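Have a look at the structure below, then the notes.
The values are calculated or read from the model by the stated rules, or taken from the named source; none is laboratory data. These numbers come from a predicted model, not from an experiment. Please note: Cβ atoms are built from the backbone with ideal geometry, for glycine as well, and neighbour counts cover all protein chains shown.
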Amino acid sequence: MAFFLSVVAGGMVAQVLAVETGAGEEYILVFMAIAAVAMIVTFVLFIAQFFGSAVRAVNITTMVLLIVFGLMLAGLAIWTIMQSPEHRATQGDLSIIAGLVLPNLAIIIVHWLFVRWRLGRRADPEAPRFGRGIAPS
């Protein structure tokens, strides 16, 4: 469910950006990145839920994902700034950069919010969970 909610949120952000900036078919890259980032975030946060303190593990994993995403964003910004004057980014290029940043950030945040909500709603924290916890008597 978190995967679908995060993809919808990221897709809506990308759609609004595409309409507002008048993007063309080059925005296909943005929508492909949404699918890739959503799959990666889903896999990483799924694995994080199996650690002893699941809420803490999900929080730390999300922070690491945001840091890695921030480093990639910084690399993209530095690469854009360091271009020669005749190859500088145009308005269309900045539209794609915003499309690569904002929807994927929305995906990470929505996914984290849903997973945290689900982890907090456990009815019985002492119930066995995939081999962890106490054994039923």
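I'd like to verify a number: residues in the range 92-136 that are among the aromatic types (Phe, Trp, Tyr), in a helix (DSSP H, G or I) and at pLDDT below 90, how many?
Just the residues of the range 92-136 that are among the aromatic types (Phe, Trp, Tyr), to begin with: 112, 114, 117, 130.
Retained after the next criterion (residues that are in a helix (DSSP H, G or I)): 112, 114, 117.
Narrowing the set further to residues that are at pLDDT below 90 leaves 117.
Looking only at that region, the number is 1.
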Notebook entry, point to check: Just to be sure, is Phe43 loosely packed, with under 15 Cβ neighbours inside 10 Å and either under 16 Å from the mean Cα position of the chain (by Cα) or among the hydroxyl-bearing types (Ser, Thr, Tyr) (or both)?
Noted result: yes
Check: Among the listed residues Gly70, Gly75, Gly99, Gly52, which satisfies the condition of being touching a residue at least 24 places away in the same chain (Cβ under 8 Å), exposed (fewer than 13 other Cβ atoms within 10 Å of the Cβ) and at negative phi?
Finding: Gly52
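Tell me which residues, restricted to the range 4-35, are closer than 16 Å to Ile96 by Cα and among the small types (Gly, Ala, Ser).
Filtering the range 4-35 down to residues closer than 16 Å to Ile96 by Cα leaves 10-35.
Listed by number, the residues that qualify are Gly10, Gly11, Ala14, Ala18, Gly22, Ala23, Gly24, Ala33, Ala35.
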Item checked: All positions within the range 16-39 that are closer than 23 Å to Leu113 by Cα and surrounded by 15 or more Cβ atoms within 10 Å (Cβ to Cβ) -> Leu17, Val30, Phe31, Ala33, Ile34, Val37, Ala38
